[in-house]
1. Within segment 20-135, which helices (runs of 4 or more DSSP H) (wholly inside it) include 3 or more residues that are in contact with a Phe, Trp or Tyr (Cβ under 6 Å, 6 or more places away or on another chain)?
2. Being open to solvent by less than 70 Å² (accessible area, probe 1.4 Å) and charged (D, E, K, R) is the filter here; which residues of segment 84-101 pass it?
3. Can you tell which of Ser56, Ser51 is within 16 Å of the ligand (Cβ to nearest atom), more than 18 Å from the chain's Cα centre (by Cα), open to solvent by less than 40 Å² (accessible area, probe 1.4 Å) and over 30 Å from Lys16 (Cα atoms)?
4. Quick one: what pairs do we get from segment 43-63, first residue without any contact (Cβ under 8 Å) to a residue 60 or more places away in the chain, second charged (D, E, K, R), C-beta under 7 Å, 6+ apart or different chains?
5. Examine segment 74-81 for a residue that is open to solvent by 80 Å² or more (accessible area, probe 1.4 Å) and modelled with pLDDT of 95 or more, and state whether such a residue exists.
Amino acid sequence: MKINSSSGTFCHFQDKVSKLLLRHRSILDSLSKHVESSTRINRAVSKTVTSCGCISIKAEKQHIPPDTSLEECHKYLNSHIKGSLCENCRETLEEEIGNNLFYLAALCHLLDIELEEIVGKEYERINALGLFNLS
Ligand SMILES: [Zn+2]
């Protein structure tokens with residue numbers, strides 16, 4: 001099975017990013033900006049909880065009944081998220097995730113790696129593994 005709905009999107013995105021890379025042409029700049037953008041995603045999620053309050057986090061130990069099959073585990077696992085994103089928080093998170101993707105594509109470009117190819121390979125890998133061996 002192949003990914004078909006967005007085929008070529010990552011390729012076009014990476015190409016565009018490569019043309020916009022001026023300030024962060026160095027691999028060191030792109031590495032640090034990618035890490036920073038990941039941190040900004042985490043910060044945005046935190047602010048969604050602590051400033052806006054549209055979602056909250058209620059974490060506790062996951063309780064899975066004994067003898068539950070791996071296929072049935074999802075019925076008992078909780079995301080620990082209560083509520084749903086408001087429009088403002090969703091927009092902020094989408095921007096931060098997009099920024100993170102920008103620097104991921106920049107890293108791929110600088111290392112001569114095709115992001116589209118990685119997505120396809122990873123899709124095939126998780127499709128082949130199924131529920132097993134994912135952590
Ligand atoms: Zn919100």
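The values are calculated or read from the model by the stated rules, or taken from the named source; none is laboratory data. Quick caveat: nothing in here was measured; it's all calculated off a predicted structure. Neighbour counts are summed over all protein chains in view; Cβ atoms, including those assigned to glycine, are modelled from backbone coordinates with ideal geometry. Remember, those area values only see protein heavy atoms, side chains included, never the ligands or the DNA or RNA. Shrake-Rupley method; radii C 1.70, N 1.55, O 1.52, S 1.80 Å.
1. Result: 27-47, 115-129.
2. Glu96
3. Going through Ser56, Ser51 in turn, the sole match is Ser56.
4. If the second residue must be charged (D, E, K, R), the pairs left are Ala44/Glu96; Ile55/Lys82; Ser56/Lys82; Lys58/Lys82.
5. yes
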